[in-house]
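A quick write-up on the structure given underneath.
Quick note: the coordinates plus some simple rules give every number you see, no bench work behind them. Everything numeric in this text was worked out from a predicted model, so none of it was measured. FYI the Cβ positions are ideal-geometry reconstructions off the backbone, even for glycines, and counts take in every protein chain you see.
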Amino acid sequence: MKTKFVPVIAAFMILLFVNTGTSGTIFSKQVWPKVYDVQFEQKGAFVVLEWKADNEPKDIYYEVETSVDGIAYKASAIVLGGFANEAHYSYQYKMKKTASSKTYYRIKQMNNDGTYRIVSEQSF
């Protein structure tokens, strides 16, 4: 009888060892990449948004949002990845200016886990 339980016990020990390894969730405070040289320019019938970022992880992207009242924003574009130059990324987004008298624009830095931060906002 003892020999029949040895393989079962061995399998259980292996399963226990595998499931209690070093894997798991590591909780840490979100560290956002530095964003700088943010510019909002009105060029004729267009608004051009430009910004730079340093040392971005691959799970970061940007959302450009607009609002007519500065309170309720809606997504106008998603900007994925930058053009790398030695860990520096440059972004540019050009959009047609809306017909309303004043429009608010903002850049939101997003993470794939759903967290975000507002980088900058301006109105024209």
Check your understanding: Can you run phi through the Karplus equation (6.51, -1.76, 1.60; θ = phi - 60°) for segment 97-107 and list ³J(HN,Hα) in whole Hz, with x for Gly and Pro?
Key -> 5, 6, 6, 5, 5, 9, 10, 9, 10, 8, 10
Exercise for review: Would you kindly derive the ³J(HN,Hα) couplings of segment 109-117 from the backbone phi angles with the Karplus curve 6.51 cos²θ - 1.76 cosθ + 1.60 (θ = phi - 60°), listing them in order in whole Hz, with x for Gly and Pro?
Suggested key: 8, 10, 10, 4, 7, x, 6, 7, 8
Review point. Label-point separation (nm) for H88 and S123, each offset 7 Å from Cα along Cα-to-Cβ?
Key: 3.4
Point to revise | Phi to ³J(HN,Hα) by Karplus 6.51 cos²θ - 1.76 cosθ + 1.60 over segment 48-53, Hz, x for Gly, Pro | key: 10, 10, 9, 7, 10, 9
Point to revise | Nonlocal amide H pairs with K97, under 5 Å, H built at 1.01 Å | key: F46, V47
**Study point:** Spatially proximal lysines relative to K34 (Cα-Cα < 20 Å; intrachain offsets below 8 disregarded)
**Key:** K52, K58, K108
Review point. Can you list residues whose amide H is under 5 Å from V119's amide H, if they're 5+ apart or on another chain and H is modeled 1.01 Å from N?
Key: I107, K108, Q109
